[in-house]
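Since the structure comes first, as structure tokens, the remarks are kept for the end.
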Amino acid sequence: MSRKLFTFLLSELKTDRIVCKKCKASSEMTLTQLSGKENVWCPACQADMESKPSLAKLAETIKSLQNPTAFDVEFVLPDDEPSGK
Ligand SMILES: [Zn+2]
């Protein structure tokens, strides 16, 4: 039985989509935009979407790991749908 996988390199990640848990609205920001943000607010309901550790720190960490010399980071998302459809 084969299983399809979706993989991507961390270096391919350029944009984050932040989804508000209160109203489900989303906003997209590049890692550079997000790393410079001190506060993130929902564009629809104005809820404070900041958390600790911060989204800015996440973006900075991702950016710092996008060009390491000794390795690449690849994420693997399994497709759990039954095969043979
Ligand atoms: Zn919202």
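The values are calculated or read from the model by the stated rules, or taken from the named source; none is laboratory data. Values in this document were obtained by computation on a predicted structure and should not be read as measured data. Virtual Cβ from ideal backbone geometry, glycine too; neighbours counted across all protein chains shown.
Looking only at residues in the stretch 23-56 that are of a type in the set (D, E, K, R) and surrounded by 13 or more Cβ atoms within 10 Å (Cβ to Cβ), which one is nearest to Pro78 (Cα to Cα)?
In this case the residue turns out to be Glu50.
For residues that are among the aliphatic types (A, V, I, L, M) and within 16 Å of the ligand (Cβ to nearest atom), scanning just the stretch 6-22, find the one that is surrounded by the fewest Cβ atoms within 10 Å (Cβ to Cβ).
Among those residues, the one meeting the criterion is Val19.
Please enumerate the residues belonging to the stretch 3-22 that are within 16 Å of Leu77 (Cβ to Cβ) and either among the aliphatic types (A, V, I, L, M) or assigned to a loop (DSSP other than H, G, I, E, B) (or both).
Arg3, Lys4, Leu5, Leu9, Leu10, Leu13
Would you be able to tell me the number of residues in the stretch 31-47 that are at pLDDT 95 or above and not in a loop (DSSP other than H, G, I, E, B)?
0
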